[in-house]
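Q: The structure's right below; bear with me while I get my questions together.
Each reported figure results from applying straightforward, stated rules to the coordinates on display, with no laboratory input. The model shown is predicted, which means the values in this text are computed figures rather than measured ones. Backbone-built Cβ (ideal geometry, glycine too); neighbour counts: all protein chains shown.
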Amino acid sequence: MIDIQLEGKRAIIDVRLQALAGEHPGNDVINYIKKSPSDRDFEIHVPHKANPLLKKLEDIGMNVIRHKVKEDHYYLIITRKQITN
């Protein structure tokens, strides 16, 4: 289970401890995002680059920007892709 903090329309999820403990919280993150309101943005904190999670997020239609805080702390800013006609 992941811990989620809401700040306005942004959900902040820090999975660094779970990932470092050998857990794989990526599916929990994906499921939460899929069930969230369409106007919600996300900030996901991870202990490494999290390329597989980034790819899965892009595959479900998310824009993802990765920021490096330090060697063992990255965060992903995730928004839904805007569809224009």
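Q: Output the peptides 4-13, 38-47 sorted from most to least packed, where packing is the average of other Cβ atoms within 10 Å over each peptide's residues.
A: The packing order, highest mean first, is 38-47, 4-13.
Q: Let me ask something additional. Simple spin-label model, 7 Å along Cα-to-Cβ: Val69 to Met1 in nm?
A: Reported label-point gap for Val69 and Met1 is 2.3 nm.
Q: Here is a follow-up. Compute the projected area of the convex hull of the Cα atoms of the chain, averaged over all viewing directions, and report it in nm² to one decimal place.
A: Over every viewing direction, the Cα hull of the chain projects on average to 5.7 nm².
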